[in-house]
Amino acid sequence: MQTNPASYRDNSGFVFKQHDKVYRYIHPNYEPHYHQLMNSGLYDELVKNKRLIPHQEIADTTVFNFTDGKVLLPEQIPFISYPYEWSFDMLKDAALLTLQIALAALKKEMILKDATPFNVQFFNGKPIFIDTLSFENYEAGKPWIAYHQFSECFLAPLLLMHYCHPDTNKLFTVYPNGIPMDVLVSLLPKSSKWNMGTFLHVHLQAKFAQRTQRAGKQNKKAGGENNFSKQKLELLLKGLESFVQKLSPKKVKTTWDDYYTDTILGDDYLQAKTTLIRSFSNFIDFKTVIDLGANDGHFSLLFDENKHVIATDADNNSINQLYLTIKKESIPNILPLVNDLTVPSPAIGWANAERESITTRLKADLVLALALVHHLAIAKNVPLHFIADWLQPMGEHLIIEFVPKEDEKVKLLLQNRKDIFDNYSLESFRSIFTGKYKIVREEKVGNTSRILFLMTRKLWPC
């Protein structure tokens, strides 16, 4: 049995893994709350509405050497992602889900005791709540204990992405427990005070916290005066829901906006590459795909719903657009993630073990690296053998595109810099990659000088 490194904070229970399955242990001290969740109809309602991950109770807990408590087997999530890898609308939908669950819980005499985005995952194209132990019995008159956490973990990053830049979401790696209010206020423009929601939930709260800290007094309202009625609590949650619903990401023009429609290579190239990828895919057996540098997901969208696809790109706008497409068209098999391949999501938390790096998590049967190598090798100065070493453990099969120096895109990359890339050639590419892979197929892409390869990894140690 392997306990999840991020599961040490809550004395109500913990998550563990055994035989490649994730389980949740419920401590006896939490059982009264769990019984209310199950018997009140709240669990059934949330599962029916696909807001809460369903689970099975394991009848015999002695199999896991537990003599008391309960063990749950939740529906398994194929890929765990983190808030700093989500685009604006992904984080926004996770925030709205949290508030909707809190409102539903209140109607069943329960409340969410915490409100962190780490309690949410994206599954079948939608956010879903995964922490069964977040529900507690409602105590009349008590304020929402998770309000401060919601403000720092959801409102803070959303407001920074709204007022400043979509990439400010990366601050989550520095502040995984929430962006402190004083830090948030220092980063927001002064004009944000004129928005009623921002004023009430950020500026006023920050000022109040500052005053109580200066006076050396305990914040009694946060601590628990029993005069916060259920009606007030419901109004707070609905007010937050309305406020979050109105937020949108700041519009920032990037290099990758309309990349496929504006590309100098045109529609013929795109159609030729699409045809080749379909053809190459028929040569291999695979269930999972990683699309590296996916942009708006044009090629991720080619795969059938029975293939699970992780689409990553450094451009927040592109990933957000892909997420909105997935949401609009109810596409269940694609998980879009914001990730800069040259500065990937690191391992963070206590002992760098609470949240795994994305490099550790990215594993699939098939990896797509389309029009990517020249950006890494020339724009980012990453040697070809580094790229091959990095790709090899990621997946058994690889569809990779080589873009030579005579290509117009490469010429643009070299336009304002010295060409120091003597080893960037098709010959070097072949030599390096055939040390790691067997070339199964290779085809020229349409009328261009680009070449698409289908490769299979050579013997990989278990």
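For the range 89-136, what are the residues that are of a type in the set (Val, Ile, Thr) and in contact with a His (Cβ under 9 Å, 6 or more places away or on another chain)? Before the answer, list the steps.
Kept after step one, since they are of a type in the set (Val, Ile, Thr), are these residues of the range 89-136: 98, 101, 111, 116, 120, 128, 130, 132.
The answer is THR132, and nothing else.
Can you tell me which residues in the range 414-438 are in contact (Cβ under 8 Å) with a residue 24 or more places away in the chain and of a type in the set (Lys, Arg)?
LYS436
So which of SER7, SER40 ends up being without any contact (Cβ under 8 Å) to a residue 12 or more places away in the chain and either in contact with a strand residue (DSSP E or B) (Cβ under 6 Å, 6 or more places away or on another chain) or surrounded by fewer than 18 Cβ atoms within 10 Å (Cβ to Cβ) (or both)?
The match here is SER7.
Got a number for residues in the range 122-132 being in a strand (DSSP E or B) and buried (at least 20 other Cβ atoms within 10 Å of the Cβ)?
Within the range 122-132, residues that are in a strand (DSSP E or B) and buried (at least 20 other Cβ atoms within 10 Å of the Cβ) number 4.
Taking the range 17-39 on its own, how many of its residues are touching a helix residue (DSSP H, G or I) at 6+ places or on another chain (Cβ under 9 Å) and either modelled with pLDDT under 95 or more than 18 Å from ASP68 (Cα to Cα) (or both)?
Number of matching residues: 4.
Within the range 312-352, take every residue that is closer than 25 Å to ALA379 by Cβ and assigned to a loop (DSSP other than H, G, I, E, B) and give me the one that is farthest from the chain's Cα centre (by Cα). Before the answer, list the steps.
From the range 312-352, those closer than 25 Å to ALA379 by Cβ are 312-322, 336-346; that's our starting set.
Those still in the list that are assigned to a loop (DSSP other than H, G, I, E, B) too: 314-315, 339, 341-342, 344-346.
Working: ALA314: 12, ASP315: 14, ASN339: 9, LEU341: 15, THR342: 17, PRO344: 13, SER345: 10, PRO346: 13 Å.
Selected residue: THR342.
Using the structure shown, decide if LYS107 is among the charged types (D, E, K, R), under 23 Å from ILE80 (Cα atoms) and outside the structural domain of ILE326 (by TED's automatic domain parsing).
no
Could you grab the pairs with beta carbons closer than 6 Å, sequence gap of 6+ or different chains, first residue in the range 59-85 and part of a loop (DSSP other than H, G, I, E, B) and modelled with pLDDT of 95 or more, second one among the basic types (Lys, Arg) and surrounded by 14 or more Cβ atoms within 10 Å (Cβ to Cβ)?
Correct list of pairs: TYR82/ARG355.
Would you confirm whether any residue within the range 314-331 is within 13 Å of PHE79 (Cβ to Cβ) and buried (at least 23 other Cβ atoms within 10 Å of the Cβ)?
No, every residue in the range 314-331 fails to be within 13 Å of PHE79 (Cβ to Cβ) and buried (at least 23 other Cβ atoms within 10 Å of the Cβ).
If you scan the range 159-192, which residues turn out to be part of a helix (DSSP H, G or I) and either within 15 Å of ASN317 (Cβ to Cβ) or of a type in the set (D, E, K, R) (or both)?
MET161, HIS162, PRO166, ASP167, THR168, ASN169, LYS170, ASP182, LYS190
In this structure, is ALA95 buried (at least 21 other Cβ atoms within 10 Å of the Cβ) and either assigned to a loop (DSSP other than H, G, I, E, B) or touching a Gly at 6+ places or on another chain (Cβ under 9 Å) (or both)?
no
Take the residues of the range 133-157 that are under 18 Å from LEU106 (Cα atoms) and of a type in the set (Asp, Glu): which is surrounded by the fewest Cβ atoms within 10 Å (Cβ to Cβ)?
If we take residues in the range 133-157 being under 18 Å from LEU106 (Cα atoms) and of a type in the set (Asp, Glu), then GLU139 is surrounded by the fewest Cβ atoms within 10 Å (Cβ to Cβ).
When residues of the range 107-117 are filtered for being assigned to a helix (DSSP H, G or I) and either in contact with a helix residue (DSSP H, G or I) (Cβ under 6 Å, 6 or more places away or on another chain) or closer than 23 Å to PHE88 by Cα (or both), how many remain?
Here the count works out to 1.
Can you spot a residue in the range 344-360 that is in contact (Cβ under 8 Å) with a residue 40 or more places away in the chain, in contact with a strand residue (DSSP E or B) (Cβ under 7 Å, 6 or more places away or on another chain) and within 22 Å of LYS250 (Cβ to Cβ)?
Among the residues of the range 344-360, not one is in contact (Cβ under 8 Å) with a residue 40 or more places away in the chain, in contact with a strand residue (DSSP E or B) (Cβ under 7 Å, 6 or more places away or on another chain) and within 22 Å of LYS250 (Cβ to Cβ), which makes the answer no.
Restricting to the range 313-326, give me the number of residues that are in contact (Cβ under 8 Å) with a residue 40 or more places away in the chain and among the polar types (S, T, N, Q).
4
If I go through the range 158-191 residue by residue, how many of them are basic (Lys, Arg) and either touching a strand residue (DSSP E or B) at 6+ places or on another chain (Cβ under 6 Å) or crowded, with 17+ Cβ neighbours inside 10 Å (or both)?
1
The values are calculated or read from the model by the stated rules, or taken from the named source; none is laboratory data. What you are looking at is a predicted structure, and each value in this text was computed from that prediction instead of being measured. Please note: Cβ atoms are built from the backbone with ideal geometry, for glycine as well, and neighbour counts cover all protein chains shown.
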